[in-house]
Amino acid sequence: MSRKVLQFFSEQENYERYAQYVAPHTVSAECNVILKSLKSWYESHGDVDWLEFSEWWCLSQAGSMKQEKMETYKTLFRVMSECDEELEDDIVNQFIAQDYCTQIAELTLKGAEGDKIDVASVEQLVNAWNSTTDNATKLDQYIVTEALDEIIDYINLGGFMWAQDDLNKAVGNIRQGKLICFAARPNVGKTTFLASNVCHVAQQIDDGKKILWFNNEEDGKEVKYRLAQAGLQLTNEEIEADRATAKQKYQELYEDKIVVIDKANANTKDVEEYIRQYPPAMIIFDQLWKVHGFEGKNGNDTARLHQMFLWARELAKLHAPVMTVHQVKTEGEGQQWLTPDLLYLSGTAIQGEVDTLIMMGRSYSQEKMLDRYVTIAKNKGAYGPMVDSSLREARFEWTINPERATFN
């Protein structure tokens, strides 16, 4: 293995990029000595010719190493000069894996011997392993290489349309990479807003992917029924009047496209596993701040909330657009036009991370009970065929139709 390492690092580019990932305990003592010497070699030379390197190295070590040991290194350099094996592409991954497997084995051995260990420590090592591998060998995949005309088409034509034309004009298409937050007080219409847009997006999906709705608010069966009302544009009485037809239409239009996960104690690992099993077209959280994850690592609820939204942003970039609803503080009760400072627990965590922040208020006066007041509180990257730049920070008045789970 040491010979493969030296062959790989005989190219200066490989050494400068990857040598940092070879831990000392993963190679022989002789290999470690040579790797340290390569740093000095590359300061004044190019790629390694092992016969030239042997002469240079022996001169540099003369007087500080016994002749017997020197002969061992000369033999190794001679073997290297005759080596013509094809390099393995994943050699760096092998050494990173060896390093982290050693660390994990040492930690779990302590547990096997009766010492108290934290399972989270093992998880942290696994996460660090994945992160190190990505940093070492996958950097190129994050470089944007698409031609400008492809990007223009993606920005302006890609993604999904909203159910509400006001939003198509103000914030543009719902595209992968987008993190969207809809905020309101309880009993204002958060679930109705999600249901109407989820059903509208579902009709635009044609690639077999799913909309994943992670529910930790009301009963999951009620959520699915709300989806049926929104998707079919029917009241409860109308569904009851012809249940068979409603069931058939819902199955045809939505059953295979919308997956409701009713797990009140879901954590970030659960979410990631569902995403793995059901490749998403869109991801819904009702509500993100109630998903378990990052507890005890960041000092307070606001810091944890910030970490949750950072995590959701990564999901949006890696998989599909993410939409979540969030609570508004009690100070927002009965207010028509809401502002970001009213977001529950947020500080600036939410508005700092989301691309789109939509807030909905209401009045409790009798004549305005069904009126809703929509503020576009943050609007980043508004692109799409219907976008009107003059509506970037717009306000809209809608009427909620609670019986059919829609807005007019």
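Just so it is clear, none of the values below were taken in a lab; they were calculated from the coordinates. The shown structure was predicted, so the numbers you read here are calculated from the model rather than taken from an experiment. Cβ placement follows ideal geometry from the backbone for every residue including glycine, while neighbour counts extend to all protein chains displayed.
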*Relative to the present Cα-Cα distance, how much length would full extension add between Asp371 and Asp118 at 0.36 nm per residue of separation?*
85.9 nm
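What is the magnitude of the charge dipole of the range 2-138 about its Cα centre, with +1 placed on the Cβ of each Lys and Arg, -1 on the Cβ of each Asp and Glu, and no other charges, expressed in debye to the nearest 20? Can you show the working numbers first?
Values: 12 positive and 25 negative charges, 111 e Å.
For the range 2-138, the charge dipole is close to 540 debye.
Is there a quick way to get the dipole size of the chain? I mean about its Cα centre, with the Cβ of Lys and Arg at +1 and of Asp and Glu at -1; what is the value in debye to the nearest 20?
Details: 43 positive and 64 negative charges, 284 e Å.
Roughly 1360 debye, rounded to the nearest 20.
So what is the relative contact order of the range 8-129, in percent, for Cα pairs below 8 Å that sit 6 or more residues apart? Before the final figure, lay out the partial values.
On the way: 62 pairs, mean separation 36.2, N = 122.
Worked out over the range 8-129, it gives 30 percent.
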*Label 7 Å along Cα→Cβ of Leu157; the range 375-397 residues with amide nitrogen under 12 Å?*
385
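Restricting to Cα pairs below 8 Å that are 6+ residues apart, what does the relative contact order work out to for the chain? Please round to a whole percent.
Working: 602 pairs, mean separation 73.3, N = 408.
18 percent.
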_Given R₀ = 41 Å, what would the calculated FRET efficiency be for Glu13 paired with Asp165, taking r from the Cβ atoms and rounding to 0.05?_
0.15
*Leading residue at positive end of dipole, the range 2-138 (Cβ point charges), from Ile117, Ser81, Ser40*: Ile117
*Computed E for Asn300/Val126 - FRET, C-beta separation, R0 25 angstrom, nearest 0.05*: 0.40
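In the range 326-377, which trypsin sites (Lys or Arg not before Pro) are in a loop and have at most 15 other Cβ atoms within 10 Å, using DSSP for the loop call? Intermediate results must be reported in sequence, preceding the final value.
On the way: sites: Lys329, Arg362, Lys368, Arg372; in loops: Lys329.
Sites meeting the loop and neighbour criteria: Lys329.
How big is D, in µm² s⁻¹, for the chain by Stokes-Einstein at 4 °C and 1.567 mPa s if Rh is the Kirkwood radius over C-alpha pairs? Write out the running numbers ahead of the final one.
On the way: Rh = 25.5 Å.
Result for D is 51 µm²/s.
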_How are the alpha carbon pair distances in the range 233-291 distributed across 10 Å bins from zero to the largest one, expressed in percent?_
17, 38, 26, 18, 0
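Only loop residues by DSSP count here, and only those with at most 10 other Cβ atoms within 10 Å; note down the trypsin sites (Lys or Arg not before Pro) in the range 1-110 that meet that.
Numbers: sites: Arg3, Lys4, Arg17, Lys36, Lys39, Lys66, Lys69, Lys74, Arg78, Lys110; in loops: Lys66.
The qualifying sites are Lys66.
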*Determine the distance separating the Cα centre of the range 214-279 from the Cα centre of the range 161-203; give it in Å without decimals.*
16
